[in-house]
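Inspection log for the structure reproduced underneath, given as structure tokens.
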Amino acid sequence: MRTREEILREIISKGKEIPEGWKATSRYDTQLHATEYNILHPEVGIYQIKEWQKNPFQVKGVGAKIARRVDDILINEPLGKFGILRYNPRKVFGDATEGLPLKKILQDMASGRQKTGIEMMLTGEMHPATKDITKTVQRKQNEINRGIVKIQEDEGLYASYV
């Protein structure tokens, strides 16, 4: 198990090697108050990231590569697209204060024509999460769950106030 940032760096690196064919699923884990993402590619495998929104500005999370291959039965019809973005708030804020509209910043990011504060690192299809993914990788899932609980405990989420 590794940090969310380490897993995202690995996914982005693999995405540069193999840019097409990526898929993702997402669901909210109501027991752990965390969002779970499965990012997968038939040639790379399945990565799972579980993250907790500590506050509006801070996300904490853990993840792991949970499978070396992807079974076709795990994937349903796509819901739409997903993307992993690299965001530089200073650059975006600077462009916006210089009068560049956010719509133009996003259009430039999507086209890749101009360096903006938002860079599209990886894109693919978004699919509904299936129970089969969780069943297939239950041991790794439990390890990731323990990791997100540890982060939440360390941050005082379960501490009572007296």
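Side notes on the structure shown:
- In percent, rounded to a whole number, the relative contact order of the chain is 26, using alpha-carbon pairs under 8 Å and six or more apart.
- Other residues with beta-carbon under 15 Å from the beta-carbon of residue 153 carry, at +1 per Lys or Arg and -1 per Asp or Glu, a net charge of +3.
- 3J(HN,Hα) couplings calculated from phi for the stretch 23-34 with the Karplus curve 6.51 cos²θ - 1.76 cosθ + 1.60 (θ = phi - 60°) are, in sequence order, 9, 8, 10, 8, 7, 9, 8, 5, 6, 9, 6, 9 Hz; Gly and Pro show x.
- Long-range amide H partners of residue 79 with built H, under 5 Å: 126, 127
- Working note: Karplus 6.51/-1.76/1.60 with θ = phi - 60° gives the stretch 90-96 the couplings 5, 5, 4, 4, x, 4, 5 Hz, where Gly and Pro are set to x.
- In Hz, Karplus ³J(HN,Hα) per residue of the stretch 138-149 (6.51, -1.76, 1.60; θ = phi - 60°; x = Gly, Pro): 4, 5, 5, 4, 4, 5, 5, 4, 4, x, 5, 5
- Helix-only CD estimate at 222 nm, as mean residue ellipticity for the chain, using -39500 (n - 2.57) per DSSP H run (n ≥ 4): -10500 deg cm²/dmol
- In terms of distances greater than 21 angstrom between alpha carbons, the cross-link table entries 50/140; 14/150; 65/115; 65/91; 65/150 yield 14/150; 65/115; 65/91.
- Taking Lys and Arg as +1 and Asp and Glu as -1, the other residues whose beta-carbon sits under 11 Å from that of residue 5 total +1.
- Among 5, 36, the order by Cβ neighbours within 10 angstrom, fewest to most, reads 5, 36.
- Order by protection proxy (mean Cβ within 10 Å, highest first), peptides 94-107, 52-65: 52-65, 94-107
Read the figures in this text as sums done on the coordinates, not as results from a lab. Only a predicted model underlies this, so the values are computations on that prediction, with no experimental measurement involved. Virtual Cβ from ideal backbone geometry, glycine too; neighbours counted across all protein chains shown.
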